[in-house]
Amino acid sequence: AAIQMGWKIALVKQQPEFGDNAVLFGAIEGEKKPGEFTREILKDIETSDLATLYPDARACSANPDRTRIQQVLQTDTGPTVRMLDLESRYLILATGMLEKLPIFCGNRLPGVTGAKSAFEMASKYGVWMGKETAFASASSVSMKVALAAHDMGVEIKKLADSRSNPKSRFFEFAKAYGLSLATGSQVLFCQKHNHRLKVQLGLSRDPKTVTGDPLAVDSLVICGGWQPNLETWHMAGGEIRWDEELQQIRPACELAGLRLAGACTGARSMSECAASGEEAVYALSGRSAHKSSYFSINPEHESDDGKLPVAPDIKDMPARYLGNTSHLKPAKKDKSKRGWKKIIPGVEQENTKEAASASPCTLGELAARIILGEIPQWHAGDFAREWCMAPVTLNKSSSRSYKKPKQEGFPIAPYLMARFGKDAAIVELDERETANMEVGCLIYPDQETIGKNREIGAIIELNFGPEGKTLACLNRKKTDGLSSAVIRNGTFSIVVSLDSQAKNHGQTWKQGQTWAHGKYDRTKKIPNRQRGG
């Protein structure tokens, strides 16, 4: 659509092939097959002089005017990585969906895998784990994977679905194949047993009720539904909200020069995804909405995904995990009655132990925490700004400049107050000393405490105001008695010494750095652009 309007485009694709999840989700009635659908679009793109393709590449920072990508190139000497800055006028994000992990004891044991991962291993590499497999899902997509595995000769011991009366063409196919179905069921626990997996099913409406004897299988394929992949959107400064009905984190605002398209907008079919892309182009061009013809999924024939299956914690069983990524964190029980209310400013600012126990997580893991009740849904946006920001390598030329806010001072965001305590204050840093620093750089009391969750502050703004100041949130009380502090930037750190005047009055630091206390009103409303480290 953009090429037809005469735009010059760059298409950044994380996978080497095009089509991505189209084959997994399949075509609905009336649509072309995924391969044919993708080939027709790709042919139009490849024959155009206006398009530049970047396969095996992903965005590591994104703004409408500049996007930094990392691309892997296959050369004669082996894989080579290059970083590119793409200057643009508009940006369209079609980042797709992430698979959610059902929460039960043993959900990350060897042999337990998501439906998408199992499908890709089988379709791309011809690999399947074991000869006997069980499936447990809240989405019809995994049933398609089960049918494909059955065609490969894998014995399907059980097809469990947490929905009470799911409707899907895949279920009808499974019945014709004679596969054993169990609707309204979910996994209660999974554990290792004689080099295999022991899987116990129970009722979805009452997770404590066991149904049948445990299954002994070589592998277990699970799917807890899908979460829009909004990590790049979040990186670009987009706000998010929690949708209780869909149990998903969704976009909560619009950004100038940027639009979402595809499955991450809620589109459920290939033709809907294509139509949303066309609409995004027309919206950015300022033209009236383009009416595309597309095929929609009929809920009478295809049920919506069910709620995320959650089983209770069981003593002496493997841990329950919240997500599929490298930042795995076992689900913890909150023994206090107030839970996360303890760290919300205005309720009880003095107690910040819960905030200190938090750790980086993905949006999928954040969704799991909300479902578990560990985080209130109205706190999702603030929590994500602190803990779900993807790490970004920036240089000075890509820093943003902001106008001075109309209100006096610079209020402190609730999540920073929760992290650095009631004594947190905004301080100004000399730009000459922070030229190589970035938003999110942490401040520690000394070198020995780096990386040990003992940070006392963080840089929160670069090039703030007309004078280009750098702002940091710092716990002033923890600087009392310190002779120096360390600002850490991933691969290097700056050690700064405190003089007596700075310790007593909070006015100046040695080596040219200025830390001015200033007068800041914490009670004023936080501006939407406020972002934390």
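The values are calculated or read from the model by the stated rules, or taken from the named source; none is laboratory data. Quantities reported herein were computed from a predicted structural model and do not represent experimental measurements. A quick note on method: Cβ atoms are made from the backbone with ideal geometry, for glycine too, and the neighbour counts reach across all protein chains shown. Surface accessibility is based on the protein's heavy atoms, side chains included, excluding ligands, DNA and RNA. Shrake-Rupley method; radii C 1.70, N 1.55, O 1.52, S 1.80 Å.
Only residues that are free of Cβ contacts under 8 Å to residues at least 24 places away in the same chain and open to solvent by less than 40 Å² (accessible area, probe 1.4 Å): list them for the range 167-202, please.
Answer for the range 167-202, where residues must be free of Cβ contacts under 8 Å to residues at least 24 places away in the same chain and open to solvent by less than 40 Å² (accessible area, probe 1.4 Å): G184, Q200.
Report, by residue number, each residue of the range 191-225 that is touching a strand residue (DSSP E or B) at 6+ places or on another chain (Cβ under 9 Å), part of a loop (DSSP other than H, G, I, E, B), of a type outside the set (K, R) and under 23 Å from I371 (Cα atoms). Break it down into steps so the answer makes sense when it comes.
Within the range 191-225, the first condition is being touching a strand residue (DSSP E or B) at 6+ places or on another chain (Cβ under 9 Å), and the residues that meet it are 191-194, 196-204, 207-225.
Remaining after also requiring part of a loop (DSSP other than H, G, I, E, B): 194, 204, 207-209, 211-214, 218, 224-225.
Subset that is of a type outside the set (K, R): 194, 204, 207, 209, 211-214, 218, 224-225.
Listed by number, the residues that qualify are S204, P207, T209, G224, G225.
Here is a check on your reading of the model: is I240 touching a His at 6+ places or on another chain (Cβ under 9 Å) and open to solvent by less than 30 Å² (accessible area, probe 1.4 Å)? Give the steps one after another, and end with the answer.
Details: touching a His at 6+ places or on another chain (Cβ under 9 Å): yes; open to solvent by less than 30 Å² (accessible area, probe 1.4 Å): yes.
For I240, the condition - touching a His at 6+ places or on another chain (Cβ under 9 Å) and open to solvent by less than 30 Å² (accessible area, probe 1.4 Å) - is met.
Quick one: is S164 open to solvent by 60 Å² or more (accessible area, probe 1.4 Å) and assigned to a helix (DSSP H, G or I)?
No: the conditions fail for S164.
Is it the case, given these coordinates, that T38 is within 29 Å of A115 (Cα to Cα), among the polar types (S, T, N, Q) and either in contact with a Lys or Arg (Cβ under 9 Å, 6 or more places away or on another chain) or touching a residue at least 12 places away in the same chain (Cβ under 8 Å) (or both)?
Numbers: within 29 Å of A115 (Cα to Cα): yes; among the polar types (S, T, N, Q): yes; either in contact with a Lys or Arg (Cβ under 9 Å, 6 or more places away or on another chain) or touching a residue at least 12 places away in the same chain (Cβ under 8 Å) (or both): yes.
So T38 passes the test.
Quick check on my filter: what residues within the range 442-468 are crowded, with 21+ Cβ neighbours inside 10 Å and either more than 19 Å from A418 (Cβ to Cβ) or modelled with pLDDT under 75 (or both)?
The answer is L462, F464.
Look at A283 and say whether it is in a helix (DSSP H, G or I) and surrounded by fewer than 19 Cβ atoms within 10 Å (Cβ to Cβ). Please lay out each step first, then the result.
Working: in a helix (DSSP H, G or I): yes; surrounded by fewer than 19 Cβ atoms within 10 Å (Cβ to Cβ): yes.
So A283 passes the test.
If we only count strands (runs of 3 or more DSSP E) wholly inside the range 3-100, which ones have 1 or more residues that are under 30 Å from A368 (Cβ atoms) and either of a type outside the set (V, I, T) or open to solvent by less than 50 Å² (accessible area, probe 1.4 Å) (or both)? Outline the logic, then answer.
Working: elements: 9-12, 51-54, 57-62, 66-75, 78-87, 91-93, 97-99.
Answer list for the range 3-100: 57-62, 66-75, 91-93, 97-99.
State whether one or more residues within the range 136-156 are under 19 Å from L188 (Cβ atoms) and either aliphatic (A, V, I, L, M) or open to solvent by 20 Å² or more (accessible area, probe 1.4 Å) (or both).
Yes, there is a match, as at least one residue in the range 136-156 is under 19 Å from L188 (Cβ atoms) and either aliphatic (A, V, I, L, M) or open to solvent by 20 Å² or more (accessible area, probe 1.4 Å) (or both).
So for the range 270-288 (the condition being at pLDDT below 90 and touching a strand residue (DSSP E or B) at 6+ places or on another chain (Cβ under 9 Å)), does at least one residue qualify?
No, the range 270-288 contains no residue that is at pLDDT below 90 and touching a strand residue (DSSP E or B) at 6+ places or on another chain (Cβ under 9 Å).
Please indicate, with yes or no, whether at least one residue in the range 248-256 is open to solvent by 60 Å² or more (accessible area, probe 1.4 Å) and in a loop (DSSP other than H, G, I, E, B). Let's see the steps before the verdict.
Going through the range 248-256, the residues open to solvent by 60 Å² or more (accessible area, probe 1.4 Å) turn out to be 254, 256.
Okay, now just the ones that are also in a loop (DSSP other than H, G, I, E, B), so 254, 256.
Yes, there is a match, as at least one residue in the range 248-256 is open to solvent by 60 Å² or more (accessible area, probe 1.4 Å) and in a loop (DSSP other than H, G, I, E, B).
Of all residues in the range 203-223, which are over 19 Å from G306 (Cβ atoms) and open to solvent by 70 Å² or more (accessible area, probe 1.4 Å)? It would help to see each step written out before you state the result.
So the first thing to find is which residues in the range 203-223 are over 19 Å from G306 (Cβ atoms), and the list is 210, 212-219.
Passing the criteria: V210, D213.
In the range 356-385, what residues are open to solvent by less than 20 Å² (accessible area, probe 1.4 Å) and either at pLDDT below 80 or among the aromatic types (F, W, Y) (or both)?
Selection gives A358, C361, F383.
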